[in-house]
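Scroll down for the structure; my scribbles are underneath it.
The values are calculated or read from the model by the stated rules, or taken from the named source; none is laboratory data. Keep in mind that what you see is a predicted model, and the values were worked out from it rather than measured. Cβ sites come from the backbone with ideal geometry, for glycine too, and all protein chains shown count toward neighbours. What goes into the accessible areas is simple: the full protein's heavy atoms, side chains included, and nothing from ligands, DNA or RNA. Shrake-Rupley method; radii C 1.70, N 1.55, O 1.52, S 1.80 Å.
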Amino acid sequence: MAFRKVQRVKVKFLHFAFLIVTLASVVSMTTAQSTGDGPAKKSSTVTSQTPADQPVTTMSVQVKVVNVFATARDKHGKIVNGLGKDDFTLTEDGRPQTIRYFARETDLPLTLGLLVDTSMSQRRVLGQERSASQSFLNQMVREDQDKAFVIHFDRDVELLQDLTSSHEKLEAALQSLEAPQFNRTSGGNSPGGRGGSDPNSGRGPGRGSGRHQGGGTMLYDAVYLASDELMQKQQGRKALVVLSDGVDTGSKESLEEAIESAQRANTVVYSILFKDDEAYGNGGGFGRTGISIPGMGGPGVGGGGMGGGGRGGRRYPEQHADGKKILERISKETGGRLFEVSKKEPVDQIYSQIQEELRNQYSLGYTPDRGGSPESGYHKIQVATKQKDVVVQAREGYYGDK
């Protein structure tokens, strides 16, 4: 700094005049540049035209977007393709909404969960379920895009295969649903612990000491845990396929809590009613502590893994529950459908219909206009088309942020 001060003192008049002229030229050039596009300003626009060497100031705006997947069918039940955004109407809590995002979702990645009822009432139909499920997963799960998991439920909820794109792993999980697994008196929490034949190796006091004793069907817990612990973390299209007779005899979660969990996870539930009246037997369920993972030490991973301890105390099942109505409600309120296996409609044919539906969905997105109503809580959605005789299948509502 001292050197520069000395130099300025020694500057002569002519040099000083030259500096003044130079400074005036620089000021003139700067003024000319500032009258062009001008400096960047904070605004709601995403981009602005500015020179590459100047910093750009942007403002990030978070917009709440609700996505709804819908399927359109004609009066004969045939899927309707080729509809556009303007063909749909959508309301939230009775208020018309503007559909801002629209797409035909034929190739969007899919996360799929298969929930298989392995309680005593299903033992005679399990072979059909297994083979049809394997074919379905092989066709639905594209190994480069989609993922699937397999859960079985009876008196426990057990994750047989976590999310994977591997057909081999999914097939192995389905093969573990062999009928001998019903001869269970030992734990079911490790690969060698299921299907034990020791009549004295029961699960605890009062839980049965012989084979085929201590049954249960924890349907609600299975839907709740699959939605809350697996689907909630996933993005994009999500669907659960439940194979069951629909009768719950041991869950801690209620039917309402199971449905809410699926809705919060934006997951569609398809139900396949597979009922064997001759084989049905009543069994006392046991409260769940979470999803049991083979090789990790017991239900709910010792209470510290998936699921925790559930909500509230032991919930006893309602007597004479109508399994068909239960499955129908779960599917209807989450945007899926109920199918019933029969001679005219076997399970493999039902799977074909589900596959067709999942590959022919419309994606509708909107920013809610609530007219001042709170964001939190449940919001009812109604999706329809302007075309006559076309019925839209979509979830009935969603839960806003708590």
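Taking the options Gln139, Gln161, name whichever one is under 28 Å from Leu230 (Cβ atoms) and without any contact (Cβ under 8 Å) to a residue 60 or more places away in the chain. Working first, answer last.
Working: Gln139 fails: without any contact (Cβ under 8 Å) to a residue 60 or more places away in the chain.
Selected residue: Gln161, the only one of Gln139, Gln161 that is under 28 Å from Leu230 (Cβ atoms) and without any contact (Cβ under 8 Å) to a residue 60 or more places away in the chain.
If Ala103 passes every condition in (1) over 18 Å from the mean Cα position of the chain (by Cα); (2) among the aliphatic types (A, V, I, L, M); (3) part of a loop (DSSP other than H, G, I, E, B) but one, which one does it miss?
All conditions are met except number (3).
For residues in segment 112-135 being in a loop (DSSP other than H, G, I, E, B) and among the basic types (Lys, Arg), which is most open to solvent (accessible area, probe 1.4 Å)?
Start the filter on segment 112-135 by keeping residues that are in a loop (DSSP other than H, G, I, E, B), which leaves 118-119, 123-125.
Filter once more, keeping what is among the basic types (Lys, Arg): 123-124.
Details: Arg123: 93, Arg124: 136 Å².
Within segment 112-135, the match that is most open to solvent (accessible area, probe 1.4 Å) is Arg124.
Cβ-Cβ distance below 7 Å, separation of 6 or more or different chains: which pairs start in segment 260-281 with a residue that is over 30 Å from Ser376 (Cα atoms) and among the charged types (D, E, K, R) and end on one that is at pLDDT below 95 and assigned to a loop (DSSP other than H, G, I, E, B)?
Lys275/Asp245; Asp276/Arg124; Asp276/Val125
Let me spell it out: the conditions are (1) open to solvent by 30 Å² or more (accessible area, probe 1.4 Å); (2) not charged (D, E, K, R); (3) not in a helix (DSSP H, G or I), and Ala148 meets all of them except one. Which number is the exception?
(1)
Being crowded, with 22+ Cβ neighbours inside 10 Å and at pLDDT 90 or above: is that true of Leu240 here? It would help to see each step written out before you state the result.
Working: crowded, with 22+ Cβ neighbours inside 10 Å: yes; at pLDDT 90 or above: yes.
Answer is yes for this residue.
Return the residues of segment 89-107 that are more than 24 Å from Gly400 (Cβ to Cβ) and not β-branched (Val, Ile, Thr); say none if nothing qualifies.
Within segment 89-107, the first condition is being more than 24 Å from Gly400 (Cβ to Cβ), and the residues that meet it are 104, 106-107.
Across segment 89-107, the qualifying residues are Arg104, Asp107.
Counting only residues that are assigned to a loop (DSSP other than H, G, I, E, B) and either small (Gly, Ala, Ser) or over 18 Å from the mean Cα position of the chain (by Cα) (or both), how many does segment 236-276 have?
Of all residues in segment 236-276, those assigned to a loop (DSSP other than H, G, I, E, B) come to 236, 245-254, 265-267, 274-276.
Pick out the ones that are also either small (Gly, Ala, Ser) or over 18 Å from the mean Cα position of the chain (by Cα) (or both) and you get 236, 245-254, 265, 274-276.
Number of matching residues: 15.
Of these, Tyr351, Tyr399, Tyr366, which one is of a type in the set (Phe, Trp, Tyr), surrounded by fewer than 18 Cβ atoms within 10 Å (Cβ to Cβ) and over 15 Å from Asp74 (Cα atoms)?
Tyr399
If I ask for residues that are among the aliphatic types (A, V, I, L, M) and modelled with pLDDT under 55, which ones from segment 201-231 would you list? First the steps, then the outcome.
To start, the set of residues in segment 201-231 that are among the aliphatic types (A, V, I, L, M) comprises 218-219, 222-223, 225-226, 230-231.
None - no residue of segment 201-231 is among the aliphatic types (A, V, I, L, M) and modelled with pLDDT under 55, so the list stays empty.
Among the residues of segment 369-378, are any at pLDDT 90 or above, open to solvent by 80 Å² or more (accessible area, probe 1.4 Å) and not acidic (Asp, Glu)?
The answer is yes, given that some residue of segment 369-378 is at pLDDT 90 or above, open to solvent by 80 Å² or more (accessible area, probe 1.4 Å) and not acidic (Asp, Glu).
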